[in-house]
Amino acid sequence: MNSENHLKKLSTLELVKWCARDKQNHHAWAEFIARFDETIRRGIFRFKNMLVNQKDSDFRYKIMEDLIQDVYHQLLKNDCKALKGFRGKNENSFYLYLTIICKNTTLNYLKSKGSQEDHTPHYDSEKDEASSNNPSGEQIDLISYINSFASGKKKERDRLILKLHFIDDFSPEEIADILPSDLSPKRIANLIGQFKNFLKNSELITK
């Protein structure tokens, strides 16, 4: 019981390191699931529209449940390589990392469910946090504007929100669901609006 109470007090980054060190620690993984299962489920359901060829809604739901289990397999395989490779510096970064894994899991399923290629996601918080692929030139320009816009104590959070919206096409409601923040969808929308005005003043043409 004392061990379980201790785990509940760990920060997100501390818990991730704990699970990465010992994948057989059932108490640690129970705490991991308690904290992040909803995020993983939302991450997979977020990309359910990719399964457009599955007309049977019950079958599509079963596929999504299988993909959720695949995400956990991705986290555990190769001695927790995905968790050990996480290089984020704050709590929000790990939530985004999980979302990236969910997206990659769905894409890998669509591409080739039987593929033997190693799709372990790689994450570098010093580069583009919003995509696991190499960002395009247009994305790099946008990221530079986002980094210039965000400032103050909440700059990391604001940068993450803007990247989720402008690069990964998340709505304010979806961002509010994903991130462990007291920000409402309305406040997130206000931040997005402020950034759009910043872009206009910077003479960057946006939709």
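Counting residues in region 177-200 that are farther than 22 Å from Phe47 by Cα, basic (Lys, Arg) and at pLDDT below 80 gives zero.
Can you name the residue in region 1-52 that is basic (Lys, Arg) and either at pLDDT below 80 or not assigned by TED's automatic domain parsing to the domain that holds Leu107 (or both) and, of all such residues, is surrounded by the fewest Cβ atoms within 10 Å (Cβ to Cβ)? Here the answer is Lys48.
On the stretch given as region 2-45, residues that are among the β-branched types (Val, Ile, Thr) and either in contact with an Asp or Glu (Cβ under 6 Å, 6 or more places away or on another chain) or farther than 23 Å from Tyr109 by Cβ (or both) total 2.
The residues of region 159-170 that are surrounded by 15 or more Cβ atoms within 10 Å (Cβ to Cβ) and not aliphatic (A, V, I, L, M), listed by number, are Arg159, Lys163, His165, Phe166, Asp168, Phe170. When each of Leu98, Leu67, Leu83, Leu110 is tested for being at pLDDT below 90 and either in contact with a helix residue (DSSP H, G or I) (Cβ under 8 Å, 6 or more places away or on another chain) or not assigned by TED's automatic domain parsing to the domain that holds Ser11 (or both), the lone residue that passes is Leu110. Quick check: anything in region 139-158 crowded, with 19+ Cβ neighbours inside 10 Å and either modelled with pLDDT under 60 or under 18 Å from Ile44 (Cα atoms) (or both)? There is no residue in region 139-158 that is crowded, with 19+ Cβ neighbours inside 10 Å and either modelled with pLDDT under 60 or under 18 Å from Ile44 (Cα atoms) (or both). Would you say Asn92 is assigned by TED's automatic domain parsing to the domain that holds Asp22, within 23 Å of Arg159 (Cα to Cα) and touching a Pro at 6+ places or on another chain (Cβ under 6 Å)? The answer is no for Asn92.
How about region 81-102: which of its residues are under 16 Å from Gln69 (Cβ atoms) and either within 8 Å of the chain's Cα centre (by Cα) or surrounded by fewer than 20 Cβ atoms within 10 Å (Cβ to Cβ) (or both)? Answer for region 81-102, where residues must be under 16 Å from Gln69 (Cβ atoms) and either within 8 Å of the chain's Cα centre (by Cα) or surrounded by fewer than 20 Cβ atoms within 10 Å (Cβ to Cβ) (or both): Leu98, Ile101, Cys102. Return yes when Lys55 is over 16 Å from Thr105 (Cβ atoms) and at pLDDT below 90 and no when it is not. Spelling it out, Lys55 is indeed over 16 Å from Thr105 (Cβ atoms) and at pLDDT below 90.
The values are calculated or read from the model by the stated rules, or taken from the named source; none is laboratory data. Not measured: the values here are computed from a predicted model. Using ideal geometry, Cβ is built from the backbone for each residue, glycine included, and neighbour counts are taken over all protein chains shown.
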